[in-house]
Amino acid sequence: MSSSHLQLVLLTTSHLLAQAAQASSAEQCDELMCRSPGLYGLHGGYGCWALVGSDPTPSADAPLCDGGYVAVPMENVPQVQSYEFGGNFNYYTCCPSTSNITTIPAEIEPFCAPFWNGFCGDQGGDCIADAPGEPMACLDDIYKYPHKTGYKLLSNAWLHSQYRCCKDPQENFRSSIFVQEIFLLVFGIISSILTFTIVAGILLSKMARKEAFNLYVVFAILGEFFASLISILVGSFVTSQIFPPKLCEVSRTVAIFDIYSGLWMNAITIREVLMILLRSKQALRTSPPTVRKSLLQVLFVYFLAGGTSSSTAIFDCSGDPNKHLLAATITTVMIIPPVTYVVYAGIRVWKQQLLPKTGRTRFLYIYFL
């Protein structure tokens, strides 16, 4: 072997050894230790994006790490230009201060998905969820396991956590949501038992199911029964880090259907009660709605709620801000009419004194209250 060939072999070997050493050192690094709001600051939470040329100072643009780690840039992820923050951002990871790593070469890919858009399958697609109530789902085949970053916020009286989609499961993921899982499981079981008891009690009684108002009750709470079952299944899936296809869309569709159908069925029920009260006040002969009419109304409500809830869920889980706006618009259009009518009916009953506080109408009076 000539000296030039020997020199080439030695150089190649040393280069491979250096790469192996870098890869081994890079394994000590942890992107979940990143604490820069950066690009994630637009949605709330932590990220690994820092403004090019910024110093490690406590600001939204700086490369910050937790636990005594230091920020190390990753060459594999290209720069991103942000008009909101006015500059280019570099992606970095956090390594132990004793590792003496200055950069992560392009051969080493990030452990977690650098972006949230298109990777996170929670409601809103912003990687902030209240698992297991709102699935911490990941949509990518490689970055498919949720890891909590430590960022938390209280929203709608429920604790939400930020997560990132990474390559391997997080060891303590299940224990981190154990309390929420138990709460949701107990709530789902109790709710499903109660709604099933009411629905079954009415439908199994020949006399009860002949009354239209009883059918209104059944179909007003039937969505709650299915939503309770779905919440139990979703909790089991998420805590086991099993994410079936379209988990977000299916769970959100059922939950939103429960809201839409319940509101519209209540509005229809109150309308029928109001019509009876108005005719009674005028001393006109009146009768409750027929079963056929009630079933047609249920068919209308369920068709409307089914179509709009599935559309809302698909837009909600898309991760596209424009589609999130469409979802919010649909929700507004579906909620305002029934709520407005219920308020209108209540005011009309109160002003015209259609329901005396005592006597046979007392239960209806309490219902309207």
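Remarks
- Test: residue in the stretch 284-298 that is out of contact with any Ser or Thr (no Cβ under 9 Å at 6 or more places or on another chain), charged (D, E, K, R) and not in a helix (DSSP H, G or I): yes
- The stretch 307-358, residues that are open to solvent by 70 Å² or more (accessible area, probe 1.4 Å), under 21 Å from Gly223 (Cβ atoms) and modelled with pLDDT under 90: Ile314
- Qualifying residue in the stretch 301-317 (condition: over 29 Å from Ala129 (Cα atoms), touching a residue at least 12 places away in the same chain (Cβ under 8 Å) and among the hydrophobic types (A, V, I, L, M, F, W, C)): yes
- Test: residue in the stretch 78-95 that is part of a loop (DSSP other than H, G, I, E, B), modelled with pLDDT under 85, within 18 Å of Cys165 (Cβ to Cβ) and open to solvent by less than 40 Å² (accessible area, probe 1.4 Å): no
Rundown of residues vs (1) outside any strand (DSSP E or B); (2) open to solvent by 50 Å² or more (accessible area, probe 1.4 Å); (3) modelled with pLDDT of 80 or more, yes/no style:
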{"site": "Thr149", "(1), (2), (3)": "no, no, yes"}
{"site": "Cys165", "(1), (2), (3)": "no, no, yes"}
{"site": "Gln180", "(1), (2), (3)": "yes, no, no"}
{"site": "Phe196", "(1), (2), (3)": "yes, yes, yes"}
{"site": "Ile202", "(1), (2), (3)": "yes, no, yes"}
{"site": "Ser205", "(1), (2), (3)": "yes, no, yes"}
{"site": "Ile221", "(1), (2), (3)": "yes, no, yes"}
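The values are calculated or read from the model by the stated rules, or taken from the named source; none is laboratory data. From a predicted model like this one, the values you see are computed outputs, not experimental measurements. So basically every Cβ, Gly included, is an ideal-geometry build from the backbone, and we count neighbours across all protein chains shown. Protein only, heavy atoms only, side chains kept; ligands, DNA and RNA dropped before computing areas. Shrake-Rupley method; radii C 1.70, N 1.55, O 1.52, S 1.80 Å.
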